[in-house]
Amino acid sequence: MKKRSSLFSKVYIAVVLAFLYLPIMVLVVFSFNQSKSRAVFTGFTLDWYQKLFHNEAIMSALLNSLIVAVISSVVATVLGTLAAVGIHAMNRRMRSMVMNLTNIPVINPEIVTGVSLMLMFVFLKMGFGLTTLVVAHTTFNVPYVILSVMPKLRQMDVFQVEAAQDLGCNPTQAFFKVVIPEIMPGIMSGFLISLTYSFDDFIISHFVAGPTAQTLPLAIFSMTRKKVSPEINALSTIMFVAILAVLLLINIADIRRESKKKRGVQRR
Amino acid sequence: MKSKLPALPYLIWMALFIVVPLGLVVYFAFTTADGQFTIANISQVGQYTGVLLRSIWLAAVATVLCLLIAYPLAFFLSRANYSIQRTLIMLVMLPMWMNFLLRTYAWMTLLETSGLINKLLGLIGLGPVQMINTPGAVVLGMVYNYLPFMILPLHSIMTKIENTTLEAAQDLGANWWQSFRRVVLPLSIPGIMTGVTMVFVPSISTFIISRMLGGGGNILIGDLIELQFIGSSYNPNLGSAISLVMMVIVLLCMSLFNQFDKSEREGIYG
């Protein structure tokens with residue numbers, strides 16, 4: 001009985017993973033296809049990759065995406081970290097009010113955030129472009145920074161700051177020498193979440209980018225409208241491999257750190 | 001250190017780019033193009049009742065399917081040993097990191113009348129089946145895109161259910177159905193709540209999945225809104241009204257669901 005159920009669970013996991021991966025694998029295979037057909041494989045070629053790298057729209061969109069992601073993440077990280085510190089000092093009622101505000105863009109459907117920002121930029125007479133993209137991305141990124149910094153602040157030993165001040169630090173010094181290093185892991189993960197969300201965002205960007213400033217997801221969108229363009233397959237393959245590499249690196253680093261920790265504990 | 005001041009720039013930012021913009025949506029929803037108060041926009045949404053109902057229905061079907069697929073998976077994953085669990089969770093997350101347009105595009109090519117699935121069906125003598133541009137294709141797109149959002153919260157709550165708890169239930173004479181109904185299900189309700197929200201909200205508000213996989217015949221609320229802001233029929237007043245109606249629908253659906261959750265809990269503990 002036990003054995004049969006564990007076999008069933010293995011098969012079930014395999015089937016769901018196949019569902020998740022088969023479509024991506026088909027894209028990868030057909031990125032090497034000679035003809036434009038998406039159903040018949042006629043021969044191996046790397047042409048689509050070459051075409052992709054000579055596609056100026058894609059390359060400039062990639063550059064825009066990187067610019068918007070980096071600037072908006074840095075701004076969001078600074079704003080969010082400061083906000084978390086301030087919120088931490090608030091009393092319970094005020095804190096829950098501010099946290100409700102923080103949760104609005106997280107819970108609200110993205111399309112509503114998108115159109116509301118679009119209306120705001122029109123109202124402020126800001127021309128659509130990289131600036132509006134950066135402002136919009138910062139807005140949806142800040143909550144994630146706050147949500148990842150707050151737990152670290154809660155875990156922090158409050159007496160450390162007092163100790164630093166007893167030892168002669170002024171409040172600013174204490175903040176930079178004690179608080180910031182303590183909450184650094186939260187700040188970093190907030191920054192990384194912001195980078196990935198910003199790089200991946202299509203829905204909100206669609207409403208605030210205007211016709212000239214394309215980001216990578218926007219460029220992908222205009223490619224998918226042309227129906228047949230094997231360059232998308234090549235792009236998907238590159239992105240898939242890149243993501244796989246990053247995740248593997250993170251995982252390996254994690255496992256190393258953990259086994260080091262374990263060894264440290266054993267030695268003790 | 002104990003100062004609220006550092007939060008000030010953030011509060012100003014959020015007031016400017018979250019609170020005021022949402023206020024603008026409400027303002028636009030209740031005014032005409034030249035700023036006169038009107039409820040014509042809201043009543044105009046009534047003519048799209050069909051689209052609203054379709055959006056709720058398709059999003060609900062996709063959410064239920066995600067729950068049915070993800071629940072056993074999350075449970076099996078949570079019983080595996082730690083390093084296997086970690087690798088499998090990474091495998092679940094990996095497709096999520098690919099842009100959803102690319103993932104949806106993949107299904108577009110698979111489901112086409114001349115696509116790979118129909119080619120394979122042709123090999124075993126089954127005629128081309130119309131799969132793309134159907135409501136089923138839209139649901140498939142939603143399930144495929146948002147399934148990880150259901151798996152991850154369920155998995156993280158289920159890892160907290162100890163094997164010893166399940167063994168205790170069995171020692172006390174529960175069969176697998178009883179131990180599922182009385183132990184696993186009640187303990188996993190917070191995960192179900194999070195997962196359902198994370199799948200339902202993006203599903204009901206999507207506008208690209210429906211366009212890429214549903215053709216022109218299966219448009220959803222999201223498509224309606226997008227058409228008023230970006231498309232040919234530029235009308236931000238009507239668009240705002242539809243957005244407002246959608247937010248209300250989402251809130252109603254979620255509070256209905258919360259109600260159901262409450263009675264479920266009272267049934268167990270009461």
Cross-chain or 6+ apart pairs with Cβ under 8 Å, the stretch A:103-132 first and within 17 Å of B:Gly23 (Cβ to Cβ), then surrounded by fewer than 16 Cβ atoms within 10 Å (Cβ to Cβ): A:Met120/B:Leu16
Which listed residue, of B:Ala33, B:Ala59, is touching a residue at least 24 places away in the same chain (Cβ under 8 Å), small (Gly, Ala, Ser) and over 15 Å from B:Asp223 (Cα atoms): B:Ala33
Total residues in the stretch B:28-45, condition of a type in the set (Ser, Thr, Tyr) and over 15 Å from B:Ser243 (Cα atoms): 2
Cross-chain or 6+ apart pairs with Cβ under 9 Å, the stretch A:11-23 first and within 13 Å of B:Ala70 (Cα to Cα) and at the interface with chain B (Cβ under 7 Å from one of its Cβ atoms), then surrounded by 13 or more Cβ atoms within 10 Å (Cβ to Cβ) and of a type in the set (Gly, Ala, Ser): A:Ile13/B:Ala80; A:Val16/B:Ala70
Within the stretch B:98-148, tally of residues that are within 19 Å of B:Ile209 (Cα to Cα), assigned to a helix (DSSP H, G or I) and among the small types (Gly, Ala, Ser): 4
Unique residue being touching a residue at least 60 places away in the same chain (Cβ under 8 Å), surrounded by 22 or more Cβ atoms within 10 Å (Cβ to Cβ) and not β-branched (Val, Ile, Thr) when the list is B:Asn145, B:Asn133, B:Asn163: B:Asn145
Filter result for the condition that a residue is among the hydroxyl-bearing types (Ser, Thr, Tyr) and under 16 Å from the mean Cα position of the chain (by Cα), over B:Tyr82, B:Tyr146: B:Tyr146
Verdict on B:Ile161 being modelled with pLDDT of 90 or more and more than 16 Å from B:Leu58 (Cβ to Cβ): yes
Pick from the stretch A:26-79, criterion in contact with a Phe, Trp or Tyr (Cβ under 6 Å, 6 or more places away or on another chain) and within 24 Å of A:Tyr197 (Cα to Cα), ranking: surrounded by the fewest Cβ atoms within 10 Å (Cβ to Cβ): A:Ser65
Any pair with Cβ under 6 angstrom, 6 or more apart, that starts in the stretch A:52-70 at a residue that is over 24 Å from A:Gly190 (Cα atoms) and ends at one that is of a type outside the set (S, T, N, Q): A:Leu52/A:Glu231; A:Leu52/A:Ala234; A:Leu52/A:Leu235; A:Ala57/A:Ala219; A:Ile58/A:Ala219; A:Ala61/A:Leu216; A:Ala61/A:Ala219
Helices (runs of 4 or more DSSP H) enclosed by the stretch B:182-257 - at least 2 residues per element that are in contact with a Cys (Cβ under 9 Å, 6 or more places away or on another chain), of a type outside the set (Lys, Arg) and within 14 Å of B:Ala59 (Cβ to Cβ): B:185-205
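The values are calculated or read from the model by the stated rules, or taken from the named source; none is laboratory data. As the structure is a prediction and not an experimental result, all values here were calculated from the model. Neighbour counts are summed over all protein chains in view; Cβ atoms, including those assigned to glycine, are modelled from backbone coordinates with ideal geometry.
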